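The values are calculated or read from the model by the stated rules, or taken from the named source; none is laboratory data. Because the structure is a prediction, the values reported are computed rather than measured. Virtual Cβ from ideal backbone geometry, glycine too; neighbours counted across all protein chains shown.
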Amino acid sequence: MNLNELLADVENSPGRPTRASPLFEQIHELLWNKILAGEIEPRQRLKDIEWARKLGVSRTPVREAMRQMQQEGVLLPLAVGGYQVRPVSFEDFTGLYQCRAVLAGLAAKEAAARFTKKAEARFVRLLKQVDRSIDREDLDEAFSLKTTFYNDLIDLSGNTHLVGLYQSITKLVMFYRSALLNQAKAEKTNKADYISGLKGSQRTHRAILKAITEGDGERARKLIETHLLDSIDEVAERIIK
């Protein structure tokens, strides 16, 4: 892989950095995409010198990209130099999802107080898009749309502190969710279970949207917290060995 292939990879991803973006951002996005796709696995070691050689660039932008991924919690520094992709563990996943549940629940409660017909229409369309992606068994699209559902809900809270806190754990949430997605795409049995889980999530998301639309923020909070907390054991059982 060289720099031109790197730029092509990044530019072919909608909403991703372009050639006008700083090089370290493009490298960050490339590495992140490879982790999400399972091409770079948990516990795998990464060295800036090796990736600089693969990409045909200097070590500086690679080092900056890896340092940013360390700040996001996806890479862990090693005493001997370089980084390790974060291992998946039940304790880590549980703590992360407990935080996610509280933040998402608070966002749903606050969103209910400022929900508009325009926002309702947008979420209804979004859930219908998820339905269609499930029917097509397009798991990547369903993954992306579910991410949008939660991100839009967080933004709709209007609470800048809440938005900042949620963004700080977003990469780790996607890290664990992508591990489940990759497993589903690898085996038919896992795929069927994953699709069944998506359909169940859709029912819950519609119940959450109904509560928000009716202005019942407390019910929306309880629904989303329960949904995310209940998913901990189920998800952990599949992805954590």
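Restricting attention to segment 86-95, and to residues there that are in contact (Cβ under 8 Å) with a residue 60 or more places away in the chain and not aromatic (Phe, Trp, Tyr), which single residue is nearest to Glu218 (Cα to Cα)?
Thr94
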Which residues, taken from segment 64-113, are among the hydroxyl-bearing types (Ser, Thr, Tyr) and within 16 Å of the chain's Cα centre (by Cα)? Thr94, Tyr97
Go through Asp138, Asp230 for me and flag whichever is surrounded by fewer than 17 Cβ atoms within 10 Å (Cβ to Cβ), acidic (Asp, Glu), at pLDDT below 95 and closer than 30 Å to Arg43 by Cα. Asp230
Kindly indicate which of Leu156, Leu145, Leu172 is buried (at least 16 other Cβ atoms within 10 Å of the Cβ) and closer than 22 Å to Gly95 by Cα. Leu172
The residue from Leu7, Leu96 that alone is modelled with pLDDT of 90 or more, surrounded by fewer than 20 Cβ atoms within 10 Å (Cβ to Cβ) and either aromatic (Phe, Trp, Tyr) or on the phi < 0 side of the Ramachandran plot (or both) is Leu96
Flagged in segment 126-175 as of a type in the set (A, V, I, L, M, F, W, C) and within 20 Å of Leu96 (Cα to Cα), in numbering order, are Phe143, Phe149, Leu153, Ile154, Leu162, Val163, Leu165, Ile169, Leu172, Val173, Met174, Phe175
From Gly73, Gly81, grab the single residue that is at pLDDT below 95, surrounded by fewer than 14 Cβ atoms within 10 Å (Cβ to Cβ) and not assigned by TED's automatic domain parsing to the domain that holds Ile154. Gly81
Unique residue being polar (S, T, N, Q), in contact (Cβ under 8 Å) with a residue 24 or more places away in the chain and outside the structural domain of Ser196 (by TED's automatic domain parsing) when the list is Gln98, Gln68: Gln68
Would you be able to say whether some residue in segment 29-41 is under 26 Å from Asp140 (Cβ atoms), surrounded by fewer than 12 Cβ atoms within 10 Å (Cβ to Cβ) and either at pLDDT 95 or above or of a type outside the set (S, T, N, Q) (or both)? yes
Of the residues that sit in segment 53-65 and are of a type in the set (D, E, K, R) and touching a residue at least 40 places away in the same chain (Cβ under 8 Å), which one is surrounded by the fewest Cβ atoms within 10 Å (Cβ to Cβ)? Lys54
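State all residues of segment 145-159 that are among the polar types (S, T, N, Q) and part of a helix (DSSP H, G or I); if no residue qualifies, say none.
Within segment 145-159, Thr147, Thr148, Asn151 meet the criteria.
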